[in-house]
1. So which of Arg61, Arg46, Arg54 ends up being open to solvent by 50 Å² or more (accessible area, probe 1.4 Å) and farther than 18 Å from Ser282 by Cβ?
2. Name the residues in region 64-100 that are open to solvent by 20 Å² or more (accessible area, probe 1.4 Å) and away from the ligand (no atom under 15 Å from the Cβ), would you?
3. Scan (1) among the β-branched types (Val, Ile, Thr); (2) over 18 Å from the mean Cα position of the chain (by Cα); (3) in a helix (DSSP H, G or I) for the single condition Thr135 breaks and write down its number.
4. For region 162-181, indicate whether the set of residues that are under 22 Å from Gly59 (Cβ atoms), open to solvent by 40 Å² or more (accessible area, probe 1.4 Å) and charged (D, E, K, R) is non-empty.
5. Just to verify a result, which residue in region 35-60, among those that are in a strand (DSSP E or B) and out of contact with any Pro (no Cβ under 8 Å at 6 or more places or on another chain), is farthest from Lys240 (Cα to Cα)?
6. Out of all the residues in region 111-138, which are surrounded by fewer than 17 Cβ atoms within 10 Å (Cβ to Cβ), within 16 Å of the ligand (Cβ to nearest atom) and in contact (Cβ under 8 Å) with a residue 24 or more places away in the chain?
7. Write out, first by first residue and then by second, each pair whose Cβ atoms fall under 6 Å of each other, whose residues are 6+ apart or on separate chains, and whose first residue, in region 34-61, is within 13 Å of the ligand (Cβ to nearest atom) while the second is polar (S, T, N, Q) and open to solvent by 50 Å² or more (accessible area, probe 1.4 Å).
8. Can you name the residue in region 187-212 that is part of a helix (DSSP H, G or I) and more than 20 Å from Val163 (Cβ to Cβ) and, of all such residues, is farthest from the ligand (Cβ to nearest atom)?
Amino acid sequence: MPGAASSLKPNERAAPDASAPVGIFDSGLGGLSVLRAVRATLPHERLIYVADSRYAPYGERDDDFIVDRAMAIGEWLVGQGAKALVVACNTATAQSIALVRERLTIPLVGVEPGVKPAATVSKSRVVGVLATAVTLRSARFQSLLDRYAGDCRFICQAGHGLVQAVERCDTSSPALMALLESYLAPMLDAGADTLVLGCTHYPFLDRAIRDIAGERLQIVDTSVAIARQLDRLLDAHALKNLVTPPDTLPRFHSTADGESQRQLAAALLRLDAKVEHVDIPSRRTRLAEPDIV
Ligand code: DGL
């Protein structure tokens, strides 16, 4: 519409259109498992991914820090022209989604552990959940259990050390296998037949989980459901891109050096894309590192 852009005030941004990218972020590399599902479901969409690897793992941070980072990254992605945002982190969703939804004007999708699908498919009625300590102690997760656990017993285990392993691109070392086994053995001993991956880093450990548990555990990973939810949301807001963009490789950004992200994207997603370093200061990181402006 001629003249529409010029009617904006200096600080106002034009509403994004269907050709604008979708922003996806995580505390680190875990959201790449969500990005993989989004690319498969919505191949026409342009994607911008931010890994906040400098400040990962969020699961060992306090709640205010997580909210602060989620807001700063969400605002940065809006500034990059994102038309929708996927908070591809269970921990950030659990602590910040209500506030981010309130403050950002673009449509938003968060992720949460698949308690409902697990309770539907479990035959033994014993389900294991692996997630970060922050997710497991959140009111949001408790409310998921209250609403959907039904007659299922949920054995919840914080996956201390697993996010750090994936951030190092370690998905199979003996130390990692021993750690994972120490988390899965009590679930298997208790008769669990289903495992909820309540952290987006964990789908990269699916082979390791299979090596330990064989076919005894069916794995519930919500990344495909998230991609479908994004699809519905874009449709509802008439924001779906129907033409293939010329640059179909995602734009990758990392608040760390990005090397692990490049390696993981190449090894596990077969995406040979460069990763740009980005500084996204926020109230809490400015306090801790006052030289960052
Ligand atoms: N991928 C994040 C999640 O889904 C990991 C959080 C963390 O950095 O501890 O929870």
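The values are calculated or read from the model by the stated rules, or taken from the named source; none is laboratory data. Only a predicted model underlies this, so the values are computations on that prediction, with no experimental measurement involved. Here the Cβ positions follow ideal geometry from the backbone for every residue, glycine too, while neighbour counts run over all protein chains shown. Heavy atoms of the whole protein, side chains included, go into the accessibility calculation; ligands, DNA and RNA do not. Shrake-Rupley method; radii C 1.70, N 1.55, O 1.52, S 1.80 Å.
1. On the way: Arg61 fails: farther than 18 Å from Ser282 by Cβ; Arg54 fails: farther than 18 Å from Ser282 by Cβ.
Residue meeting the stated conditions: Arg46.
2. Asp64, Glu75, Trp76, Val78, Gly79, Gln80, Gly81, Ala98, Leu99, listed by residue number.
3. (2)
4. Scanning region 162-181, I find at least one residue that is under 22 Å from Gly59 (Cβ atoms), open to solvent by 40 Å² or more (accessible area, probe 1.4 Å) and charged (D, E, K, R), so the answer is yes.
5. Within region 35-60, the subset in a strand (DSSP E or B) is 47-51.
Going one step further and asking which of them are out of contact with any Pro (no Cβ under 8 Å at 6 or more places or on another chain), we end up with 50-51.
On the way: Val50: 21, Ala51: 24 Å.
Here the answer is Ala51.
6. Passing the criteria: only Ala133.
7. No pair meets every condition.
8. Applying the first criterion (part of a helix (DSSP H, G or I)) to region 187-212 yields 187-189, 202-212.
Then keep just the ones that are more than 20 Å from Val163 (Cβ to Cβ); that gives 188-189.
Working: Leu188: 23, Asp189: 26 Å.
Selected residue: Asp189.
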